[in-house]
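The values are calculated or read from the model by the stated rules, or taken from the named source; none is laboratory data. Remember, predicted model here, so these are calculated numbers, not experimental data. Every residue, glycine among them, receives a Cβ derived from its backbone with ideal geometry; neighbour counts consider all protein chains shown. Just the protein is used for accessible areas: all its heavy atoms, side chains included, with ligands, DNA and RNA removed. Shrake-Rupley method; radii C 1.70, N 1.55, O 1.52, S 1.80 Å.
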Amino acid sequence: MREGRLFLLGWEPVGWELIMSSMSRPGFMAVAGAAALALAGCEGSGVFRDRSELVAAPTTCTAKRFDIYFGEGQAQLTEPARQAIRLTADQLKDCDIRKVQVIGLASATGSSPANQTLSERRAIAVTAALEAEGWPLPAFEIAVVGDSGAVTADGRSEPLRRRTEVIVEAVPRR
């Protein structure tokens with residue numbers, strides 16, 4: 001490269017006077033300074049020597065919420081429900097499970113006392129499946145809602161209430 005001239009990626013040499021004529025000297029110096037800083041960081045002489053110093057690995061040990069659905073009037077876990085429980089248990093296997101809320105719900109079909117009992121059976125079935133996956137039993141809080149809230153204010157029934165909500169509080173193990 002000849003002194004006082006700049007080569008740009010195989011293009012013809014461009015003189016400083018051409019660059020300076022299209023940009024003010026302070027503007028050019030700012031752009032050149034930013035480019036120098038960026039290139040200095042690329043050569044590895046910067047503060048960070050390893051990507052892990054700059055970027056944290058994502059953790060799966062965070063709060064999770066998932067639903068387990070049931071058939072009408074049923075409290076037995078379906079195979080997709082068991083798969084969802086296994087998947088979540090697998091995702092959280094290296095975490096400290098602090099709290100698990102299991103909330104049993106029911107649709108408005110049937111009597112309120114029967115729906116209350118059904119909600120409880122659903123919550124117990126999900127809790128047992130999570131315990132079988134190795135989750136700590138003392139961490140569980142079971143709530144039963146029954147058919148409370150299963151009918152909207154305008155009288156419509158909520159069929160997706162045939163479920164158990166699971167809310168997990170998990171943190172990384174220390």
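For segment 155-169, there are no residues whose amide N sits under 12 Å from a probe point set 7 Å from the Cα of Gln83 along the beta carbon direction. The slack between Ala132 and Ile167, meaning 0.36 nm per residue of separation minus the straight C-alpha distance, is 10.9 nm. Surface composition of segment 64-117: carbon and sulfur atoms hold 49% of the protein heavy-atom accessible area at a 1.4 Å probe. Residues with beta-carbon under 14 Å from that of Ile167, excluding Ile167: net charge, scoring Lys, Arg +1 and Asp, Glu -1? Net charge around Ile167: +1.
Take Thr109, project a point 7 Å from its Cα along the Cβ direction, then tell me which residues of segment 65-88 have their backbone nitrogen under 13 Å from it. The answer is 70-75, whose backbone nitrogens lie closer than 13 Å to the label point. Extension gain for Arg98-Ala143 works out to 14.5 nm (0.36 nm per residue, less the C-alpha to C-alpha distance). Charged neighbours of Thr152, selected by a Cβ distance under 12 Å, balance to 0 (K, R count +1; D, E count -1).
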